[in-house]
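A short worksheet on the structure shown next.
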Amino acid sequence: MAVFQSVFDIIGPVMVGPSSSHTAGAVRIGLAARSIFGEKPEEVVITFFGSFGHTYRGHGTDIAMIAGLLGKPTASEEIRHAYKLAEKEGMRVEVKVSDRNAGHPNTAQVVMHAGDRTMSITARSIGGGMIDLVEVDGFNVHVSCDNPVVLIFHRDRPGLIATVTRFLAEYEVNVSQMEVSRKERGSQALMIVATDGTIPQEVTDKIRDIRDVGPIIFLSALKREPDLVPIDSIAKQKGLTV
């Protein structure tokens, strides 16, 4: 059951489309996927599960997802032209439907390719335009995308997490949520840190310099208010944008 924290959780966001969960939520999943990938994908494979798979044509869920991947906000009039825009921008799209039980009726997996890079995310649209990320590149996660979030890929080893949190504490950055997932002991791991405000550039630089830390991805908060704007390429950002 979703926990509503504002009036926008109830009435939904300003949007183009018939459904806050099947359309606006799908746009935000696309926006989140593009943010995590850090650039516009060259090729995308979208797989819908459950209710998404059964009704995506009528609700325009595929169109909405593609629009989000192109950086369009929920209120954009261009959403309805997403397939043509994708073709124009050179983004190839394939849409699939799976009968597998994904644990939530409004679930989608997005696999993105660009050059020799491949990344996948799985997310759920949980109502009112809100989304929940549950998988990033094979890591099990739980990210609501309502607060500024940083994803830190690293090697699983003792002391690394403590070093990251020490740097955050030194600059009085308050952590609202933290989660760590690993594929196996001593291998690649993913640390997810949600904060109440912007992480200073000095902290980001220190974290990047920690031994065994890999890519760091900043995921902007996907606000539910009407002033939602497209997410810029996260690879170009110097810090979190709230």
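The values are calculated or read from the model by the stated rules, or taken from the named source; none is laboratory data. Remember, it's a predicted structure, so these values are computed and weren't measured experimentally. All Cβ positions, glycine included, derive from the backbone under ideal geometry; neighbour counts span all protein chains shown.
With R182, R208 as the choices, which residue is within 21 Å of I36 (Cβ to Cβ) and either at pLDDT 90 or above or among the β-branched types (V, I, T) (or both)?
Numbers: R182 fails: either at pLDDT 90 or above or among the β-branched types (V, I, T) (or both).
None of the others qualify; the one that does is R208.
Output yes when any residue across segment 20-41 is of a type in the set (F, W, Y) and under 29 Å from P215 (Cβ atoms), and no when none is.
The first filter runs over segment 20-41 and keeps only residues of a type in the set (F, W, Y), leaving 37.
Adding the requirement that they be under 29 Å from P215 (Cβ atoms) leaves 37.
Looking through segment 20-41, at least one residue is of a type in the set (F, W, Y) and under 29 Å from P215 (Cβ atoms).
When you check S76 against the structure, is it out of contact with any helix residue (DSSP H, G or I) (no Cβ under 7 Å at 6 or more places or on another chain), at pLDDT below 90 and farther than 22 Å from R100 by Cβ, yes or no?
On the way: out of contact with any helix residue (DSSP H, G or I) (no Cβ under 7 Å at 6 or more places or on another chain): no; at pLDDT below 90: yes; farther than 22 Å from R100 by Cβ: yes.
No, not satisfied.
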Revision key, fill the gap. Listed by first then second residue, the pairs whose first member lies in segment 137-158 and is at pLDDT 80 or above, whose partner is of a type in the set (K, R) and surrounded by fewer than 20 Cβ atoms within 10 Å (Cβ to Cβ), with beta carbons under 6 Å and at least 6 positions apart or on separate chains, are D156/R182
Check your understanding: List the pairs whose first member sits in segment 175-189 and is closer than 15 Å to V141 by Cα, whose second member is basic (K, R), and whose Cβ atoms are under 8 Å apart, counting only residues at least 6 apart or on separate chains?
Key -> Q188/R155; Q188/R182; A189/R155; A189/R182; A189/K183
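If I ask for residues that are of a type in the set (F, W, Y) and buried (at least 18 other Cβ atoms within 10 Å of the Cβ), which ones from segment 126-156 would you list?
F139
Have a look at A67, A162, A123, A82 and point out the one that is without any contact (Cβ under 8 Å) to a residue 24 or more places away in the chain and buried (at least 22 other Cβ atoms within 10 Å of the Cβ).
A82
Checking the conditions here, which among E172, E184, E202 is at positive phi, surrounded by fewer than 17 Cβ atoms within 10 Å (Cβ to Cβ) and not assigned by TED's automatic domain parsing to the domain that holds T74? Write out each step before concluding.
Numbers: E184 fails: at positive phi; E202 fails: at positive phi.
Criteria check complete, one pass: E172.
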